[in-house]
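The values are calculated or read from the model by the stated rules, or taken from the named source; none is laboratory data. Just so we're clear, the structure is a prediction, and the values are computed from it rather than from any experiment. Every residue, glycine as well, gets a Cβ built from its backbone with ideal geometry; the counts of neighbours run over all protein chains shown. Remember, those area values only see protein heavy atoms, side chains included, never the ligands or the DNA or RNA. Shrake-Rupley method; radii C 1.70, N 1.55, O 1.52, S 1.80 Å.
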Amino acid sequence: RMRLRTGGDYLTALEDMVRALRDVTKAEAVAVINRDGGVVTAELPPTVSQETFSIMCAAILGAGMTASTELGHAAPHRVVLESEDATLVIQEVGRRAMLVLVVPPERAISEIDTAISRFVQAAAQDLD
């Protein structure tokens, strides 16, 4: 099995997986981000600052974790933000990374859940 730490081959495979997920889900944006907000790989619109986007997504998941654990609940594995024109899903991938997916609001989470689950399963071990 290839590891992210070993360099180019795995990253290319991960980039291909991100592009495929974007195509299958018709996402506006897809990114794999590490816990501190660093971009592992991303397919974002050219007008989006990768750094700002990734740091804020990591902060959102981190805030959800803090809020849940303060209440004595388990940390969430997913955060969903919904607006009139987009749904943003931040999904934990292993212990050290997250997947961020931005889809049109007409795409129900249930429609894209299988694609997200397959991506997470395929990528999780290699991102840990």
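According to a simple spin-label model (label point 7 Å from Cα along Cα-to-Cβ), what is the distance in nm between residue 15 and residue 111?
2.9 nm
Any chance you could check the Cα centroid distance between the range 16-81 and the range 100-128 for me, in angstrom?
Each part reduced to its Cα centre gives a spacing of 11 Å.
Which log10 I(q)/I(0) values, to two decimals, does the range 67-114 give at q = 0.28, 0.33 Å⁻¹ under the Debye formula with one point per Cα?
Normalising to I(0) and taking log10 leaves -1.03, -1.18.
Counting each DSSP H run of 4 or more residues in the chain as -39500 (n - 2.57), what helix-only mean residue ellipticity at 222 nm follows after dividing by all residues, to the nearest 500 deg cm²/dmol?
Values: 3 runs with 58 residues, N = 128.
Here the helix-only value at 222 nm equals -15500 deg cm²/dmol.
So for the chain, averaging the separation of alpha carbon pairs under 8 Å that are six or more residues apart and normalising by length, what relative contact order in percent results? Write out the running numbers ahead of the final one.
On the way: 201 pairs, mean separation 31.6, N = 128.
Taking the mean separation of contacting Cα pairs over the length of the chain, I get 25 percent.
Per residue, how large is the accessible surface of the chain? Use a 1.4 angstrom probe and give square angstrom.
Details: 7070 Å² over 128 residues.
I get 55 Å² per residue for the chain.
Over the chain, with every protein chain in place, what whole percent of the accessible area is carbon and sulfur at 1.4 Å, could you tell me?
Details: 3710 of 7070 Å².
With neighbouring chains kept in place, the figure for the chain is 53 percent.
Kindly provide the GluC sites (Glu not before Pro) of the range 9-44 that DSSP labels as loop, not H, G, I, E or B, and whose Cβ sees at most 11 other Cβ atoms within 10 Å.
On the way: sites: 15, 28, 43; in loops: 28.
Here no GluC sites (Glu not before Pro) fit, given the DSSP loop and packing criteria.
Taking every pair of distinct Cα atoms and averaging 1/r, then inverting, what Kirkwood hydrodynamic radius in Å comes out for the chain?
Working: mean 1/r = 0.0675 Å⁻¹.
Radius from the Kirkwood sum: 14.8 Å.
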